[in-house]
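The block underneath contains the structure these notes are about, expressed in structure tokens.
The values are calculated or read from the model by the stated rules, or taken from the named source; none is laboratory data. Quick caveat: nothing in here was measured; it's all calculated off a predicted structure. Note that we place each Cβ from the backbone using ideal geometry, even for glycine, and neighbour counts take in every protein chain shown. Each accessible area value is taken on the protein alone, full model and side chains, heavy atoms only, with ligands, DNA and RNA left out. Shrake-Rupley method; radii C 1.70, N 1.55, O 1.52, S 1.80 Å.
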Amino acid sequence: MMVIDFHTHSFPDHIAGKAIRKLSNASHSVPFTDGTESGLRRSMEEAGIDFSVVLPVATSPDQVAHINDRAFAMNEHTDGSGLISFGSMHPDCPYWKEELTRLKDHGVKGIKLHPVYQGKDLDDPSYLRILDCCAMLGLVVVTHSGYDIGFPGVSHSSPQMALNAVKAIGRGTGKYCLILAHMGGWKNWDDTEALAMEMVESGSVMIDTSFSIGSFMPLDDGYWKEEETRMLDRDAALRILHAFGMERVVFGTDSPWSEQKEALRIVKSLIEDPGDLEQVLSKNAERLLDLCR
């Protein structure tokens, strides 16, 4: 069975070290790779993962075109590397429509949004116009959902905001769907579970499993109390998975912030039905990415 990690991150070699240190210090959490493409590939090999989707984040509008150029270059070598890059978009990008069309024309399958890093609510009109255009183009959208470990208490992508966006956009065309990262809303999981059915009925919405089950690894600096590092337990995770349906779930790790091998072990132990497991680890992602073997 093919295994696809739908939520990973890497950086160009010349900035990877600085970027990982900055993010690690902000989140007070341990990274499991050095943040480079080669580090991610080593992790994939150790975990037995065939493909990883790299999700770049534009923290300012002027980064968008450059990040997307890097995505084009990465995707030229997917057959050898196993890395599939999505594009990025920022809600304040003045050429957002042209850039989304450029991504589509270059064969990129989707984009990553991060409302917390980008400083706007997910249901803001500037995001809704991007989501609507992606729906028309058939581009997958992965968005951070819930709180962010590096921005305590900041909520720009709550489950309710996600529901508002899903209702506004509907089902779209082609492979379009809105994937809510971190099991639908990091540390907002009660709200995610409560709103799951309405989301599913309202539009093309999925979730990924990244950085959400078990506990995260804190830095040894005393910032996090042990109970604060706990995320979803088995029962809560299963309730959310079944609330959305296994056909609307993709496996993700948020590497380097989770160890791919351990995250895969957790999901395999959690989903006991072989058919459901195959959907989550491969089939759903294969469909969205047009992969086949």
Next item on the list: Would you check which residues across region 88-111 are touching a Phe, Trp or Tyr at 6+ places or on another chain (Cβ under 7 Å) and surrounded by fewer than 19 Cβ atoms within 10 Å (Cβ to Cβ) and list them?
Entry: H106
Check: From the set of residues in region 183-192 that are open to solvent by 10 Å² or more (accessible area, probe 1.4 Å) and under 17 Å from R230 (Cα atoms), which is nearest to the chain's Cα centre (by Cα)?
Finding: W186
Notebook entry, point to check: Any chance region 54-67 includes a residue that's assigned to a helix (DSSP H, G or I) and within 16 Å of the chain's Cα centre (by Cα)?
Noted result: no
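Listed here are the residues, each with its yes/no results for (1) closer than 21 Å to H156 by Cα; (2) assigned to a loop (DSSP other than H, G, I, E, B); (3) among the aliphatic types (A, V, I, L, M).
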position: D69; (1), (2), (3): no, no, no
position: M74; (1), (2), (3): no, no, yes
position: I84; (1), (2), (3): no, no, yes
position: H90; (1), (2), (3): yes, yes, no
position: T101; (1), (2), (3): no, no, no
position: D132; (1), (2), (3): yes, no, no
Note to self: I need the full set of residues from region 193-205 which are open to solvent by 10 Å² or more (accessible area, probe 1.4 Å) and either under 13 Å from V140 (Cα atoms) or part of a loop (DSSP other than H, G, I, E, B) (or both), in order please.
What the structure shows: S204
Next item on the list: Kindly indicate whether L238 is within 16 Å of the chain's Cα centre (by Cα) and part of a helix (DSSP H, G or I).
Entry: no
Note to self: Between V142, V154, which is open to solvent by 40 Å² or more (accessible area, probe 1.4 Å), hydrophobic (A, V, I, L, M, F, W, C) and not in a helix (DSSP H, G or I)?
What the structure shows: V154
Check: Taking the condition over 27 Å from G146 (Cα atoms), at pLDDT 95 or above and not hydroxyl-bearing (S, T, Y), does A58 pass?
Finding: no
